[in-house]
Every structure is written in C-alpha cells, then in structure tokens.
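Here the structure comes first, spelled out in structure tokens, and everything after it is commentary.
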Amino acid sequence: IASGRQILLRDLIFKIATKLQKTELINFGATPRPANEPDTLLADVTRLFHEVKFTPSYSIDTGIKEYVESVAFYQV
C-alpha cells in the first residue's frame, strides 16, 4: 500500500488508534528500534502514476475510517 506521500509511522498508528478510541494502548518507545531500520521509508510510485495512470481514490483518513468501520462490523 503506497501513495508516494510520506507519513510517519507513529502518526499512522495514532490516527488508527484514535479512530478505534484506543490511544491509551499506544506505548511509543516500549521496544527499541533496530539499528538497521531506516529513518524513513517512502515508496516510489512514479511508474504507477505515469504508466498505469493510477490516482488514489482515498485519503489516508478516509481509508482508515472505512477500514475501521468494516472491521467493527465483523466484531459485533
């Protein structure tokens, strides 16, 4: 899953936890980051945009909202 737009993993985690109303479960820094883990990671979607003419139909917030709502449906 990629959009070519960078988002911090901690921001993504917080967005998902907020939507689930579970921010109290977040404990950033509880596990040390591995030394070989890159500081940033960004997918190169150039070919996807230029060759396939793909354009995202969801924002990250809309995608999270729809996913959380679909998961909640199955947990009833």
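The values are calculated or read from the model by the stated rules, or taken from the named source; none is laboratory data. Predicted model only: the values in this text are computed from it and were never measured. Cβ atoms come from the backbone with ideal geometry, glycine included; neighbour counts cover every protein chain shown. Keep in mind that these areas ignore ligands, DNA and RNA; they rest on the heavy atoms of the full protein, side chains included. Shrake-Rupley method; radii C 1.70, N 1.55, O 1.52, S 1.80 Å.
Kindly provide the set of residues from the range 18-60 that are among the acidic types (D, E) and in contact (Cβ under 8 Å) with a residue 24 or more places away in the chain, ordered by number.
D44
Of the conditions (1) in a loop (DSSP other than H, G, I, E, B); (2) touching a residue at least 12 places away in the same chain (Cβ under 8 Å), K15 fails just one. Which one is it?
(1)
Yes or no: the range 13-26 includes at least one residue that is of a type in the set (A, V, I, L, M, F, W, C), open to solvent by 70 Å² or more (accessible area, probe 1.4 Å) and touching a Ser or Thr at 6+ places or on another chain (Cβ under 8 Å).
yes
So which residues in the range 1-12 are among the β-branched types (V, I, T) and open to solvent by 90 Å² or more (accessible area, probe 1.4 Å)? If you could, list the steps in order and put the result at the bottom.
Our first condition is that a residue be among the β-branched types (V, I, T); within the range 1-12, this holds for 1, 7.
Across the range 1-12, the qualifying residue is only I1.
Working only within the range 41-76, note down all residues that are open to solvent by less than 90 Å² (accessible area, probe 1.4 Å), among the β-branched types (V, I, T) and in a loop (DSSP other than H, G, I, E, B).
Hit for the range 41-76 is V45, nothing else.
Tally up the residues in the range 29-40 that are more than 16 Å from the chain's Cα centre (by Cα) and open to solvent by less than 100 Å² (accessible area, probe 1.4 Å), please.
Residues in the range 29-40 being more than 16 Å from the chain's Cα centre (by Cα) and open to solvent by less than 100 Å² (accessible area, probe 1.4 Å): 5 in total.
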